[in-house]
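The values are calculated or read from the model by the stated rules, or taken from the named source; none is laboratory data. Just so it is clear, the model here is predicted, and its values are computed rather than measured. Virtual Cβ from ideal backbone geometry, glycine too; neighbours counted across all protein chains shown. For accessibility, only protein heavy atoms count, side chains too; no ligands or nucleic acids. Shrake-Rupley method; radii C 1.70, N 1.55, O 1.52, S 1.80 Å.
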Amino acid sequence: MRQDPIMQSALRLGDDALILGQRLSEWCGHAPTIEVDLSLANLGLDLIGQAMHFLGLAGDIEGQGRDADTLAFFRTDLDFTNCLLVEQPNGDFAQTMTRQWLYSTYQQLLFEAMAGVEDARFAEVADKALKEVRYHAELSADWVIRLGDGTDVSHQKMVDALGWLWRFVPELFQMDELDSLAVEAGVGVDKAALRPAYDAAINAVFEEAKLTRPDDQRTLTGGRHGHHSEHLGHLLATMQHIPRSHPDARW
Amino acid sequence: MRGGEAATLEAVLQSVEDPEIPVVSVVELGIVRGLDAGQVTITPTYTGCPATAVIEANIREALDQAGFEDIQIKTVLSPAWSTDDITDAGRQKLKAYGIAPPPKGAKAASLCNKSVAECPHCGSINTREISRFGSTPCKALWQCNSCHEPFDRFKCH
């Protein structure tokens, strides 16, 4: 079946935000301090707000009567189009913050560019969310610096977190045929072109955090086409079981 | 719409409080964008703010009670809400309530939340940020080094 690049673009944006938001919500009540607990829950809330907009838009474009909730709760892992980075488990606090920083730094550049696309439905959400995303990027970069340039233990945890997560970074900037069509349609951004600015931003933080940029590894990819790690299924099971068990339930 | 009706409509909207910060109205917070052509235009503060749906429901209820059942509510995202949209009266009320209002003109500098905040209790500017997030998405938690009271600060946005 030929996929609509505009609908798929909205879906990819919505899925990234939804899955990362769900991951962050897993910290609720478990973070090391109440301030951190609040931060992670609020970051998650912002992301789920973005997911509502993008998934709602995807459903509107599709025109089959699926709304944001239907897309979030009634699709299986094979139909999710999020990147692999956001579905990685929280791990320890260092891994959560590293994942956040690697993603938010990318998302900030993406939304800065998307705020200028022709299609107002995409540009307006990007422009609206950009202010929140800048805050996420700043907050997570602060933690990367604090942990990287902290104790021997916190530094080692950052090295380990980067060692695992680095392999998922190239996927963020990959362009497939749908992405190219989305650029032509005035909804998408040339993600590959964002990489130099991304590298400049993260290299500056690496330096301040006294961390060494990891060597490039064999890239893991496929999330945009539904090829996910086993972790996504477990996340979806937790997220979806109530609406699937009680599909008629209302607030 | 006749002039008298417009004034009544405005008064109705002024009576709708923000559910999280009840000292300010949705008009003072800048959530109400405009009233014209039979509709009220509103804009969310944060994309994921849980208060957004409550605010819309509260505005609907207030309009219905005042006999404005035919007035529609439209939500827009653009231009994105900014703390610059909070009125001067709203800022004064926030301060009196114990929330440090955001500095005006903060929009250009984006989220310039590392700048100083004035303690809403004693007026000191010798203050520090404790947590980048507070009790709602729109606030950060600060403490005054002079009077030692903690306080919420509206994030520049």
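Hey, got the average number of other protein chain Cβ atoms within 10 angstrom for residues in B:78-86?
Averaged over the peptide's residues, the number is 3.
Spin-label point model (7 Å from Cα, Cβ direction): what's the residue A:219 to residue B:23 distance in nm?
Spacing of the two 7 Å Cα→Cβ label points: 5.3 nm.
Would you give the gap between the C-alpha center of the range A:123-143 and the C-alpha center of the range A:1-72, rounded to a whole Å?
15 Å
For chain A, which longest stretch is free of loop sites, where a loop site is one of the trypsin sites (Lys or Arg not before Pro) that DSSP puts outside H, G, I, E and B and that has at most 14 other Cβ atoms within 10 Å?
Counting at most 14 other Cβ atoms within 10 Å as exposed, the longest clean stretch of chain A is A:3-209.
If you put +1 on each Lys and Arg Cβ and -1 on each Asp and Glu Cβ, how big is the dipole of the protein assembly as shown around its Cα centre, in Debye rounded to 20?
I would put it at about 700 debye.
Just A:98, A:238, A:70 to compare: in a GNM of chain A, with alpha carbon springs under 10 Å, which one fluctuates most?
Highest fluctuation among the options: A:238.
Between residue A:193 and residue A:242, how high is the FRET efficiency from 1/(1 + (r/R0)^6) when r is the Cβ-Cβ distance and R₀ = 41 Å? Nearest 0.05.
Working from the Cβ atoms, E equals 0.50.
Give me the percent of DSSP beta bridges within chain B that run antiparallel, rounded to the nearest 5.
70 percent
Using a Cα-Cα cut-off of under 16 Å, which aspartates and glutamates could be cross-linked to residue A:157, ignoring same-chain neighbours fewer than 8 residues away?
A:92, A:142, A:149
Compute the distance in nm between two label points, each set 7 Å from the Cα along the Cα-to-Cβ direction, one at residue A:151 and one at residue B:61.
Spacing of the two 7 Å Cα→Cβ label points: 5.0 nm.
Can you pull out the chymotrypsin sites (Phe, Trp or Tyr not before Pro) in the range A:1-100 that DSSP calls coil and that have at most 13 other Cβ atoms within 10 Å? Don't skip to the answer; put the middle values down first.
Details: sites: A:27, A:54, A:73, A:74, A:80, A:93; in loops: A:27, A:74, A:80.
Answer by residue number: A:74.
Considering only protein heavy atoms and a 1.4 Å probe, what is the carbon-and-sulfur percentage of the accessible area of chain B?
Reported share for carbon and sulfur atoms: 51 percent.
Rounded to the nearest 500, what is chain A's calculated 222 nm mean residue ellipticity when only DSSP H runs of at least 4 contribute -39500 (n - 2.57) each, over all residues?
-22000 deg cm²/dmol
Which whole-number percent of Cα pairs in the range A:108-151 have a distance greater than 15 Å?
Counting pairs separated by more than 15 Å, the tail of P(r) holds 49 percent.
If you count, for every residue in A:17-29, the Cβ atoms of partner chains within 10 Å of its Cβ, what is the mean?
Details: counts 2, 0, 0, 0, 1, 0, 0, 0, 0, 0, 0, 0, 0.
Shielding by partners across A:17-29 averages 0.
How are the alpha carbon pair distances in the range B:3-81 distributed across 5 Å bins from zero to the largest one, expressed in percent?
3, 16, 30, 28, 16, 6, 1, 0
Using 0.36 nm per residue, how much length does the chain from residue A:250 to residue A:74 gain when fully extended, once their Cα-Cα distance is taken away?
61.8 nm
Over the protein assembly as shown, what lengths in whole Å, largest first, do the semi-axes of the equivalent ellipsoid take, defined as the square roots of 5 times the eigenvalues of the alpha-carbon gyration tensor?
Numbers: eigenvalues 248, 168, 71 Å².
Listed largest to smallest, the semi-axes of the protein assembly as shown are 35, 29, 19 Å.
Could you work out the helix-only [θ] at 222 nm for chain B, with each DSSP H run of four or more residues adding -39,500 (n - 2.57) and the total divided by the number of residues, to the nearest 500 deg cm²/dmol?
Helix contribution divided over all residues of chain B: -7500 deg cm²/dmol.
Please report the antiparallel percentage of DSSP beta bridges with both residues in the range B:3-81, rounded to the nearest 5.
Beta bridges within the range B:3-81, antiparallel portion: roughly 55 percent.
Taking only C-alpha pairs under 8 Å that are 6+ residues apart, what is the relative contact order of the range A:141-251 in percent?
Averaging sequence separation for qualifying contacts and normalising by length gives 31 percent for the range A:141-251.
Run the numbers on chain A and let me know its relative contact order in percent, using alpha-carbon pairs under 8 Å that are six or more apart.
Once divided by the residue count of chain A, the mean separation gives 25 percent.
Near residue B:95, which lysines are there with a Cα under 22 Å away, not counting those fewer than 8 places off in the same chain?
B:104, B:107, B:114, B:139, B:155
Please compute the contact order of chain B in relative form: average sequence separation of alpha-carbon pairs under 8 Å and at least six residues apart, divided by the residue count, as a percent.
Numbers: 263 pairs, mean separation 28.7, N = 157.
Relative contact order for chain B comes out at 18 percent.
Nearest 20 debye, what's the magnitude of the dipole of the range B:3-81 about its Cα centre given +1 on Lys and Arg Cβ and -1 on Asp and Glu Cβ?
It comes to approximately 260 debye.
For residue A:191, list the lysines whose Cα falls under 20 Å from its own Cα; do not include residues on the same chain fewer than 8 positions away.
Partners found: A:128, A:131.
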